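Reading through the structure tokens given below for one structure.
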Amino acid sequence: MIDVSAIVGSLIAQAPLVAVVVLVLYYKLDRKIDKLYSDLNQKIDGVKAELSGQINELMREVRSLGSGFYNYQNTLIDFLAAKGLVTAAENVLLRGTLRASIPYAMSKYYTEEVRRRLQALLDKELEEYTWEDAAELENIAKLMYKEYIATGREDLLDYYPKLMMYAAIVRGLLRRRELEKKQQSTAL
């Protein structure tokens with residue numbers, strides 16, 4: 001028959017050795033896990049930095065494309081208005097739409113003062129606009145875009161291209177007015 005007390009005694013005698021082996025294995029595995037965790041964190045940080053750089057570059061490219069598109073659009077509208085293809089009635093319609101939907105002011109770029117100035121500019125009659133007014137309309141639109149970037153307000157992003165288009169129409173109509181004056185003075 002098996003002597004249970006001898007087996008138990010043998011196990012008890014080996015218990016310190018087993019405990020030491022378990023501690024050594026735990027220590028070695030813990031160090032290996034820590035090293036793997038550290039290596040993984042370093043790789044993740046490297047990937048994050050690389051992705052951050054790529055995202056920033058992509059954002060610059062998208063902004064550049066957006067800016068190029070708006071510049072092209074505004075130049076085309078300016079040109080069409082100067083050629084007389086954009087009428088005063090269309091300008092009044094767009095101005096009315098803009099006037100009726102002026103976004104509320106809230107923050108550091110698009111302030112209440114800027115909103116009031118925009119209202120005053122949109123209240124002007126077409127014949128009263130100056131080159132400075134056209135530049136100010138465009139500047140206000142850019143302030144709205146900055147405000148959108150800072151706050152994420154979608155209403156400003158929706159309003160921005162319409163205001164830029166209106167500024168381009170005003171510039172085109174101013175250019176047309178100047179061309180007509182030159183033609184009248186040369187005809188005399």
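Asp123 meets all of the listed conditions (1) surrounded by fewer than 11 Cβ atoms within 10 Å (Cβ to Cβ); (2) over 24 Å from Arg175 (Cβ atoms); (3) in contact (Cβ under 8 Å) with a residue 24 or more places away in the chain but one, namely (2).
Could you tell me whether Lys108 is part of a helix (DSSP H, G or I) and open to solvent by 70 Å² or more (accessible area, probe 1.4 Å)? In short, no.
Restricting attention to region 146-155, the residues that are free of Cβ contacts under 8 Å to residues at least 40 places away in the same chain and open to solvent by less than 70 Å² (accessible area, probe 1.4 Å) total 2. Which one is modelled with the lowest pLDDT among residues in region 63-75 that are farther than 14 Å from Met165 by Cβ and open to solvent by 90 Å² or more (accessible area, probe 1.4 Å)? By that ranking, first place goes to Arg63.
Based on this model, can you work out whether Lys181 counts as more than 19 Å from Tyr104 (Cβ to Cβ) and either part of a loop (DSSP other than H, G, I, E, B) or within 15 Å of the chain's Cα centre (by Cα) (or both)? In short, no. What residue, among those in region 77-92 that are open to solvent by 70 Å² or more (accessible area, probe 1.4 Å) and either part of a loop (DSSP other than H, G, I, E, B) or polar (S, T, N, Q) (or both), is nearest to Met165 (Cα to Cα)? Selected residue: Leu85.
Considering only region 172-186, I want to know if a residue exists there that is closer than 28 Å to Arg63 by Cα, open to solvent by 20 Å² or more (accessible area, probe 1.4 Å) and in contact with a helix residue (DSSP H, G or I) (Cβ under 9 Å, 6 or more places away or on another chain). Looking for residues that are closer than 28 Å to Arg63 by Cα, open to solvent by 20 Å² or more (accessible area, probe 1.4 Å) and in contact with a helix residue (DSSP H, G or I) (Cβ under 9 Å, 6 or more places away or on another chain), one finds none in region 172-186, hence no.
For beta carbons closer than 7 Å, sequence separation of 6+ or different chains, a first residue in region 101-112 that is closer than 15 Å to Glu136 by Cα and a second that is outside any loop (DSSP other than H, G, I, E, B) and among the small types (Gly, Ala, Ser), the qualifying pairs are Tyr109/Ala150. Looking across region 104-120, just one residue is within 19 Å of Tyr70 (Cβ to Cβ) and over 18 Å from the mean Cα position of the chain (by Cα), and that is Leu118. Surrounded by 10 or more Cβ atoms within 10 Å (Cβ to Cβ), part of a helix (DSSP H, G or I) and more than 30 Å from the chain's Cα centre (by Cα): does that describe Asp34? For Asp34, the condition - surrounded by 10 or more Cβ atoms within 10 Å (Cβ to Cβ), part of a helix (DSSP H, G or I) and more than 30 Å from the chain's Cα centre (by Cα) - is met.
Within region 131-144, work out how many residues are open to solvent by 10 Å² or more (accessible area, probe 1.4 Å) and within 18 Å of Glu112 (Cβ to Cβ). So the count comes out to 4.
The values are calculated or read from the model by the stated rules, or taken from the named source; none is laboratory data. None of these values were measured; they are calculated from a predicted model. With ideal geometry, Cβ positions are generated from the backbone for all residues, glycine too; neighbour counts draw on all protein chains shown. The area values use the complete protein model at the heavy-atom level, side chains included, leaving out ligands, DNA and RNA. Shrake-Rupley method; radii C 1.70, N 1.55, O 1.52, S 1.80 Å.
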